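What follows draws every value from the coordinates through simple rules; no lab data is involved. Keep in mind the model is a prediction, meaning the values are calculated, not measured. Ideal geometry is used to build each Cβ from the backbone, glycine not excepted, and the neighbour counts take in all protein chains shown.
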Amino acid sequence: MQLADRIARSVFLMDGAMGTQLQARSIPSSAWEGREGCNELLCVTVPDLVRDIHLAYLRAGSDAVETNSFGGSPITLGEYDLSSRAKEINAAAARVAREAADAESTPDRPRFVLGSVGPGTKLPTLGQVGFDALCDALQVQVEGLAEGGADGILLETCQDLLQIKAGLVAFDKVLGRKSGKLLYVSVTVEQTGTLLIGSSIGAVVAALAPFPIDVLGLNCATGPEAMRIHLDYLAANWPGLLACMPNAGLPILTPEGAKYPLEPAAFAQKLGALAREVGLNVVGGCCGTTPDHIRALKDMLAGFAAPARALAMPEQVASVFAPIELTQEPRPLYIGERANATGSKKFREALLADDYDGAFGILSEQEEAAAHVLDLSCAYAGRDEAKDMTLLVARAAQECRLPLMIDSTQVDVMEAALKLYGGRVILNSINFESGEEKAARIVEMARRFGAAVVCLTIDETGMAMTADRKVEIAKRLVEFCEQRGLRRGDLLLDTLTFTIGSGDDTLRTAAMETIEAIRRIKAALPGTRTVLGLSNISFGLKPAGRKVLNALFLDECLKAGMDSCIINVATVAPLNQTPPKPSRSPARSCTTTARTATRWRISSTSSRAAPRRSPKPTSRRRRPRRRSPRPW
Ligand code: THG
């Protein structure tokens with residue numbers, strides 16, 4: 001039986017703290033090799049002592065133990081000048097845990113080893129370590145843990161979404177799904193209600209949803225009670241197995257160091273109640289817990305099995321801070337278009353002047369309007385696109401509350417952006433203009449980083465002009481992406497349109513073909529979404545004309561089923577605010593669309609950042625840009 005299946009069957013007991021157990025034993029000073037504080041080294045120098053702690057937990061009732069490798073990445077070990085021994089140390093950590101687990105296993109009750117990978121001391125979102133360097137380091141750690149016989153990997157005490165993604169990439173490279181090894185991610189929600197870098201639990205779910213994670217949970221930072229609100233969110237939004245390994249209460253600082261107030265009985269009572277009420281599959285302890293805490297917990301939860309939850313995986317994107325539903329109700333998802341070097345003079349001029357504050361301001365001011373997502377396009381002749389993109393993405397990762405859409409034709413620019421951004425972005429875009437190779441590279445990257453992807457209906461013969469061709473290419477794009485591990489919900493199909501404002505007779509029906517293509521794609525490719533660069537329709541017209549045409553086109557596309565559009569969110573205008581008497585005959589459609597137009601204007605602002613089956617914001621906001629203090 002796979003470990004994940006075992007965990008789904010009945011409550012699975014992890015172990016408790018390692019550090020305090022080590023401190024409680026007398027460690028010969030020679031065991032430190034002059035590196036006092038490097039607990040991981042003890043797996044090599046005093047394996048019997050470490051094994052003894054594992055055995056104590058297993059005898060107290062733990063189904064699995066965590067390896068003593070929390071700080072075992074070569075980067076963290078580097079602080080003790082031990083980088084080069086990382087693999088050996090992690091393998092030793094897994095081996096001693098394996099020996100203990102095997103010694104306590106019976107045919108009826110196998111015991112397991114989870115390879116602990118801590119957050120390290122350098123966080124990528126804060127610029128303290130590069131994504132690639134972190135990934136390489138975690139790869140070495142995972143290799144060592146696998147070599148020593150771990151049954152799975154536990155990325156624990158996670159504080160930074162980008163750090164988690166580096167761990168997931170390392171897991172994918174070394175083990176992958178096919179290995180059958182368990183993948184367990186445990187985040188630390190601080191007393192502030194977010195991860196250290198500011199991510200809400202909603203952002204965590206949105207960013208991790210694309211990955212094949214077996215168990216998701218919380219550990220450290222607080223006690224069981226403070227974790228409840230976040231676990232309730234997970235229970236309502238995350239379909240996978242749920243875990244909680246709290247501290248023995250909130251630490252109390254004393255002259256002798258942190259003290260954890262919950263004694264075994266109180267800890268077991270609180271966590272036991274939480275497990276039953278939320279429906280936790282995995283429980284254990286973090287700082288301040290001991291074998292006695294685990295023994296008490298075992299008694300408290302004897303015979304408990306969390307009911308299965310029938311949930312669909314959420315389909316959201318996310319900034320580093322908060323998620324956004326890809327399906328807005330009412331539609332559409334508005335994607336702000338202003339941060340575009342070719343499409344906005346102001347943005348271009350800011351970049352040309354190296355005025356990154358100004359350029360960032362244009363990106364972020366769209367948060368004040370109706371935008372749900374921010375398109376960012378930095379390609380401009382004579383500029384270093386990768387540099388402009390990475391500077392702005394890194395800043396957005398620390399400051400922007402809305403998710404990004406990375407708009408570039410360059411694979412390396414997209415990759416650089418992904419390596420800086422812990423949230424869930426939309427990559428804009430792939431197409432088959434030059435065949436399939438480039439598209440395949442982008443799709444593989446989207447899979448690796450868990451991004452959504454815009455697919456343009458362009459193939460080797462050029463941009464599709466008719467609804468028939470647009471649908472045909474859309475089908476090919478979907479199949480192409482699905483074969484490479486993306487899901488339909490990850491895809492936004494762009495039916496594209498030429499301007500109808502140029503006077504070119506052959507383009508007279510361009511808008512109708514686009515609208516028809518949206519209608520047919522919605523019927524033929526259920527589960528996918530549609531997107532459109534809406535302002536393209538009116539290139540060449542005067543501003544007043546553009547506003548009317550854009551509003552009309554938006555309305556028609558929405559009626560055809562369009563899910564999202566790239567648009568100037570500051571000028572999204574309801575049709576009833578456009579001139580009352582258009583000079584030509586579409587007056588009838590104008591009046592019929594006016595009512596819906598008013599509806600989307602009003603609701604698009606009130607629905608933004610709408611939570612997914614999560615509590616209503618605590619206060620009614622007069623201005624849409626004000627967010628509730630808990631913006632998931
Ligand atoms: N599909 C996808 N991505 C896209 C497009 C698309 N990205 C780029 C573009 N099209 C969407 N973005 C814009 C941005 C600006 C304008 C239109 C589309 C625009 N700009 C004014 C103009 O050119 O007249 C400039 C105004 C100014 O300088 O301020 O209209 O279709 N997937």
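Of note:
- Note on segment 208-280: Rg/Rh from C-alpha atoms, Kirkwood Rh, equals 1.05.
- Across segment 110-215, the fraction of Cα-Cα pairs farther apart than 25 Å, rounded to a whole number, is 16%.
- Using the Cβ-Cβ distance between ARG383 and LEU22 with R0 set to 45 Å, the FRET efficiency from 1/(1 + (r/R0)^6) comes to roughly 0.25.
- FRET efficiency estimate (nearest 0.05) - Cβ-Cβ, ILE229 to LYS259, R0 25 angstrom: 0.50
- Additional length obtainable on full extension of the chain from GLU79 to THR327, 0.36 nm per residue less Cα span: 84.7 nm
- Volume per residue of the C-alpha convex hull in segment 88-165, rounded to whole Å³: 88
- FRET E, pair THR342, THR506, Förster distance 30 Å, beta-carbon r, rounded to 0.05: 0.80
- Against the rule of thumb 2.2 N^0.38 Å, how large the Cα Rg of segment 112-155 comes out: 1.25
- Pairwise Cα separations in the chain fall into 20 Å bins from 0 onward with the following percentages, short to long: 19, 48, 26, 7, 0.
- Cα-derived Rg over Rh, computed across segment 196-244 with Rh taken as Kirkwood radius: 0.93
- If you take the Cα centroid of segment 62-115 and the Cα centroid of segment 273-328, the two points sit 23 Å apart.
- Inter-probe distance in nm under a simple model that places probes 7 Å from Cα toward Cβ, at THR571 and ILE252: 6.3
- Of the trypsin sites (Lys or Arg not before Pro) found in segment 24-122, those in coil by DSSP whose Cβ has at most 14 other Cβ atoms within 10 Å are ARG25.
- About the Cα centre, charge dipole magnitude for the chain (Lys/Arg +1, Asp/Glu -1 at Cβ), debye: 2920
- Taking N as its residue count, the alpha carbon Rg of segment 270-336 over 2.2 N^0.38 Å: 1.75
- Positive-end extreme of charge dipole, the chain - chosen from PHE539, THR67, ALA24 (charges on Cβ): PHE539
- Mean ellipticity per residue at 222 nm, deg cm²/dmol - from DSSP H runs of n ≥ 4 across the chain, formula -39500 (n - 2.57): -12500 deg cm²/dmol
- Debye log10 I(q)/I(0) for segment 36-186, one point scatterer per Cα, at q = 0.11, 0.16 Å⁻¹: -0.38, -0.79
- Residue pairs, from the table LYS165/LYS419; LYS122/LYS178; LYS345/LYS542; LYS173/LYS419; LYS387/LYS419; LYS87/LYS165, whose Cα atoms sit over 19 Å apart: LYS122/LYS178; LYS87/LYS165
- Percent of alpha-carbon pairs separated by more than 15 Å within segment 161-208: 50
- Of interest is the spacing of the C-alpha centroids, which for segment 1-61 and segment 497-525 amounts to 64 Å.
- A simple packing score, the average count of other Cβ atoms within 10 Å per residue, orders the peptides 165-176, 38-49 as 165-176, 38-49, with the highest score first.
- Normalising the Debye intensity of segment 343-469 to I(0), with uniform scatterers on Cα atoms only, and taking log10 at q = 0.18, 0.23 Å⁻¹ returns -0.99, -1.35.
- Scattering profile of segment 431-532 at q = 0.11, 0.16, 0.18, 0.19 Å⁻¹ [log10 I(q)/I(0), Debye over alpha-carbon scatterers]: -0.32, -0.65, -0.79, -0.87
- Nearby lysines by direct alpha-carbon distance to LYS259 (threshold 19 angstrom, same-chain neighbours under 8 apart not counted): LYS270
- Ordered from longest to shortest, the equivalent ellipsoid semi-axes for segment 462-510 are 28, 10, 7 Å, each the square root of 5 times a Cα gyration tensor eigenvalue.
- Nitroxide proxy distance, nm - points 7 Å out along Cα→Cβ at GLU433 and ARG309: 4.3
- DSSP bridge analysis restricted to the chain gives an antiparallel fraction near 15%, rounded to the nearest 5.
- In this simple spin-label model, placing a label point 7 Å from the Cα along the Cα-to-Cβ direction at both GLN2 and GLU349 gives a separation of 5.7 nm.
- Whole-Å semi-axes of segment 505-577's equivalent ellipsoid (Cα gyration tensor): 22, 15, 10
- For segment 525-540, backbone phi angles converted through the Karplus equation (6.51, -1.76, 1.60; θ = phi - 60°) give residue-by-residue couplings of 10, x, x, 8, 10, 10, 9, 8, x, 5, 5, 4, 4, 10, 3, x Hz, Gly and Pro being listed as x.
- Considering only alpha-carbon pairs that sit under 8 angstrom and 6 or more positions apart, the relative contact order computed for segment 250-330 is 24 percent.
- Cut-off under 5 Å, modelled amide H: who pairs with PHE112 long-range: ALA64, VAL65
- Relative contact order %, the chain, counting alpha carbon pairs below 8 Å whose residues are six or more apart: 11
- In segment 342-439, GluC sites (Glu not before Pro) in a DSSP loop with at most 16 other beta-carbon atoms within 10 Å: GLU433, GLU436
- Scaled to the globular estimate 2.2 N^0.38 Å, the Cα spread of segment 1-82, given as radius of gyration, is 1.27.
- Theoretical gain in end-to-end length, GLU368 to THR461 [0.36 nm per residue, Cα-Cα removed]: 29.4 nm
- Distances between placed amide hydrogens fall under 5 Å for CYS455 paired with ILE430, LEU492, LEU493, ASP494, all partners being 5 or more residues away or on another chain.
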